1. Among what's in the stretch 121-143 and is within 17 Å of Trp92 (Cα to Cα) and not in a loop (DSSP other than H, G, I, E, B), pick the residue that is most open to solvent (accessible area, probe 1.4 Å).
2. Do we find a residue being touching a residue at least 40 places away in the same chain (Cβ under 8 Å), in contact with a Ser or Thr (Cβ under 9 Å, 6 or more places away or on another chain) and part of a strand (DSSP E or B) anywhere in the stretch 110-118?
3. Could you grab the pairs with beta carbons closer than 8 Å, sequence gap of 6+ or different chains, first residue in the stretch 206-232 and closer than 20 Å to Phe55 by Cβ, second one charged (D, E, K, R) and at pLDDT below 65?
4. Would you check if Asp13 is open to solvent by 10 Å² or more (accessible area, probe 1.4 Å), of a type in the set (D, E, K, R) and in contact (Cβ under 8 Å) with a residue 40 or more places away in the chain?
5. Across the stretch 144-163, which residue is farthest from Arg122 (Cα to Cα) among those that are assigned to a helix (DSSP H, G or I) and charged (D, E, K, R)?
6. Conditions first: (1) open to solvent by 20 Å² or more (accessible area, probe 1.4 Å); (2) within 24 Å of Leu81 (Cα to Cα). Thr48 passes all but one, so which condition is the exception?
7. Regarding Val63, is this residue of a type in the set (Val, Ile, Thr), assigned to a strand (DSSP E or B), in contact with a helix residue (DSSP H, G or I) (Cβ under 8 Å, 6 or more places away or on another chain) and surrounded by 21 or more Cβ atoms within 10 Å (Cβ to Cβ)?
Amino acid sequence: MSEFVVRSHLHFDHVVHVVELPEEVALQCEQRFGFVTAAGGEHPGFGTYNRLAYFGLSYLEWVGLKSAEVARESVFGRHVLHGLANGGGSRWFAFRTDRMDSVVAAWSRQGLTYVGPVAASRTRPDGRVLRWRMLFPRRQTAGLELPFLIEWEEDDETRWASLAGTNKGGVRTFGNSARIVALTLGLWNVELYQQDFERYFNTSSTLRKESTRTADSTGLVLDCGGISLFLRALDGSPSDRRDEGMGDASVARERITTVHFSDGEQGSSSQTLSALGHASDFFGSRYCHAEPFSKTAGVYSL
């Protein structure tokens, strides 16, 4: 029997961006970037709720808090609480799989630690109940969490037909023409994150140049699940922000700094959209840029 290779059964699913008021952040993205956003729903088991912007089956998820008491009882809820306590922002993303039980067996054989699978659900505004399972790898060191896995109850084809079916009479009420093609991760210890990622997801890194409108840089890139992950070292040292009331700097500053978009036809991103919005006193209200969102290519910086 051939060895099960985790990376062969993964597709990029979504970015989790913790904010105080998801509906306000979504509205600002609609106004400033032309995003089409959609109401998500409540997560009764996690004490959270969300608003979404779809790019194919992948999406941005702006998640906020409904009940701190309920949130404390789950991994996902505690992540949201911790994120809000450290100024909001995006520090997590997910790959989807249809082989979660096989992943669990592979990780167990390797002696890797994880939490789950955890069953979850939410009710869409149209009354339809969505169900899924999640699996959370657990790093043994502090820092940015590794991506978690999600397995939807419905297959991709069924989900796409259901979501795309909300577009009526030629009016786009669901989804955006752009696609998410890469994430840039700001890390204190690039090598340690790389090693942990490769252990769980059976992938290897390469040296490659990341080009945007504002800068070019060469660094480690992990290709997995149909997207590229640029691993960028943060400037300074973890002690630089401890005197600003931010708590552990590895939590306060390590995050997904940029989401890169492309329409899939014009190549990689070449324009940059500045959307600075993770500070604790705004919870996402610092989304701003003079240029409109390009449907061809762009960068949405968190």
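The values are calculated or read from the model by the stated rules, or taken from the named source; none is laboratory data. Source: prediction; values computed, not measured. Backbone-built Cβ (ideal geometry, glycine too); neighbour counts: all protein chains shown. Keep in mind that these areas ignore ligands, DNA and RNA; they rest on the heavy atoms of the full protein, side chains included. Shrake-Rupley method; radii C 1.70, N 1.55, O 1.52, S 1.80 Å.
1. Arg133
2. yes
3. Pairs that qualify, where the first residue is closer than 20 Å to Phe55 by Cβ and the partner is charged (D, E, K, R) and at pLDDT below 65, are Glu210/Asp216; Ser228/Arg208; Phe230/Glu210.
4. Against the criterion (open to solvent by 10 Å² or more (accessible area, probe 1.4 Å), of a type in the set (D, E, K, R) and in contact (Cβ under 8 Å) with a residue 40 or more places away in the chain), Asp13 does not qualify.
5. Ranking the qualifying residues of the stretch 144-163, first place goes to Glu157.
6. (1)
7. yes
Yes/no matrix, rows are residues, columns are (1) assigned to a helix (DSSP H, G or I); (2) modelled with pLDDT of 85 or more; (3) open to solvent by less than 30 Å² (accessible area, probe 1.4 Å):
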{"residue": "Glu73", "(1), (2), (3)": "no, yes, no"}
{"residue": "Phe76", "(1), (2), (3)": "yes, yes, yes"}
{"residue": "His82", "(1), (2), (3)": "yes, yes, no"}
{"residue": "Gly87", "(1), (2), (3)": "no, no, yes"}
{"residue": "Ser90", "(1), (2), (3)": "no, no, yes"}
{"residue": "Val104", "(1), (2), (3)": "yes, yes, yes"}
{"residue": "Ser108", "(1), (2), (3)": "yes, yes, no"}
